[in-house]
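Here the structure comes first, spelled out in structure tokens, and everything after it is commentary.
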Amino acid sequence: MHKAGFVNIIGNPNVGKSTLMNAFVGEKLSIITSKAQTTRHRILGIVNGEDFQMILSDTPGIIKPAYQLQESMMDFVKSAFDDADVLIYMVEIGEKELKDEAFFNKITNSKIPVLLLLNKIDKSNQEQLEEQVQSWAAKVPNAEIYAISALEGFQVQEVFNRIVELLPESPPFYPKDQLTDKPERFFVNETIREKILLHYKKEIPYAVEIDTEEFFEEENIIRMRSVIMVERETQKGIIIGHKGAALKRVGMEARKDLEKFFGKQVHLELYVKVNKNWRNDQKQLKRFGYN
Ligand SMILES: Nc1nc2c(ncn2[C@@H]2O[C@H](COP(=O)(O)OP(=O)(O)OP(=O)(O)O)[C@@H](O)[C@H]2O)c(=O)[nH]1
Ligand SMILES: [Mg+2]
């Protein structure tokens with residue numbers, strides 16, 4: 001018998017959804033930072049076993065959308081409710097239930113199995129933990145609750161094993177050597193965006209989108225050229241920095257990560273372009289993969 005199914009991870013921003021998916025897959029498919037709204041897409045991570053295929057979806061944290069990009073991000077979350085065979089609702093120690101009632105009701109009324117993962121318990125104590133598990137059990141009575149640390153790997157294998165048990169009987173949906181649904185250029189974009197989230201403050205990371213225009217693999221090297229798009233001229237100056245130092249740092253750090261990811265030498269050329277209002281432009285959003 002072969003099992004396969006979609007296991008979709010949803011929850012508030014910054015609770016550790018991407019950390020968990022990467023831990024399951026064993027690869028850095030999703031970028032991780034301490035800032036909210038790090039993930040903007042629905043990213044598949046596929047774990048293949050001899051007799052199962054677990055298709056995980058990492059999704060953006062649930063927010064109230066203020067502009068078109070965020071609307072599209074929430075469409076990804078909606079789609080993750082639609083095709084799930086197992087729903088993972090991740091919360092972190094100390095948080096309250098989702099502000100978005102519609103999403104929260106979808107979880108509590110779910111007909112499919114829900115695993116509620118209470119994450120970051122490495123930051124907690126026994127008393128707080130017991131109190132939170134009880135309160136979540138009352139709020140989401142249809143869920144199985146696991147207290148975990150995605151970062152430290154605590155209870156991660158147990159959750160994984162439970163998901164495999166819950167997968168429906170099915171042939172695989174993807175070739176068994178496939179790891180994700182995203183193309184190589186996507187990971188280039190995301191790696192660069194991660195460095196921008198790490199090194200720039202306030203609104204800058206949220207005004208940035210990356211477009212990798214060239215990805216050319218030669219025998220010993222991959223040559224890439226990516227444009228960093230910002231919304232305003234002032235943001236362009238900030239990205240580049242004094243004598244180009246800030247941009248150079250982004251390029252160097254991204255290149256190192258990309259060399260690890262692709263297992264090959266990388267040449268990365270970066271430039272910055274003002275693209276007014278891209279966050280509210282349907283056509284452009286579509287081109288950047290938000291549809
Ligand atoms: N202490 C602790 N920190 C964690 C744990 N899991 C994740 N984090 C940290 O929490 C932050 C957010 O992690 P992400 O995996 O990016 O969270 P996310 O839910 O994907 O966030 P968005 O994509 O913005 O919605 C990062 O700084 C992680 O290192 C954990 O188990 N313990
Ligand atoms: Mg994420």
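The values are calculated or read from the model by the stated rules, or taken from the named source; none is laboratory data. None of the values given here were measured: they were computed from a predicted structure. Ideal geometry is used to build each Cβ from the backbone, glycine not excepted, and the neighbour counts take in all protein chains shown. Surface areas here come from the heavy atoms of the whole protein model, side chains and all, with no ligands, DNA or RNA. Shrake-Rupley method; radii C 1.70, N 1.55, O 1.52, S 1.80 Å.
Some notes on this structure:
- You will find that of 62, 43, 32, 9, the residue that is touching a Phe, Trp or Tyr at 6+ places or on another chain (Cβ under 6 Å), within 14 Å of ligand 1 (Cβ to nearest atom), under 28 Å from residue 204 (Cβ atoms) and not small (Gly, Ala, Ser) is 62 and no other.
- Residue in the range 203-213 that is under 30 Å from residue 272 (Cα atoms), among the polar types (S, T, N, Q) and either in contact with a His (Cβ under 7 Å, 6 or more places away or on another chain) or not assigned by the TED database to the domain that holds residue 93 (or both) present: yes
- Subset tally (residues that are within 16 Å of ligand 1 (Cβ to nearest atom) and open to solvent by 50 Å² or more (accessible area, probe 1.4 Å)) for the range 100-132: 5
- Enumeration of residues in the range 86-105 that are over 19 Å from the mean Cα position of the chain (by Cα) and either modelled with pLDDT of 95 or more or not in a helix (DSSP H, G or I) (or both): 93, 94, 95, 96, 97, 99, 100
- For the range 15-30, the set of residues classified as touching a residue at least 60 places away in the same chain (Cβ under 8 Å) and either open to solvent by less than 10 Å² (accessible area, probe 1.4 Å) or under 23 Å from residue 94 (Cβ atoms) (or both) consists of 15, 16, 17, 19, 20, 23, 29, 30, listed by residue number.
- The lone criterion from (1) surrounded by fewer than 22 Cβ atoms within 10 Å (Cβ to Cβ); (2) more than 10 Å from ligand 1 (Cβ to nearest atom); (3) part of a loop (DSSP other than H, G, I, E, B) left unmet by residue 37 is number (2).
- Any hit, the range 169-179, residues being surrounded by 15 or more Cβ atoms within 10 Å (Cβ to Cβ), hydroxyl-bearing (Ser, Thr, Tyr) and part of a helix (DSSP H, G or I): no
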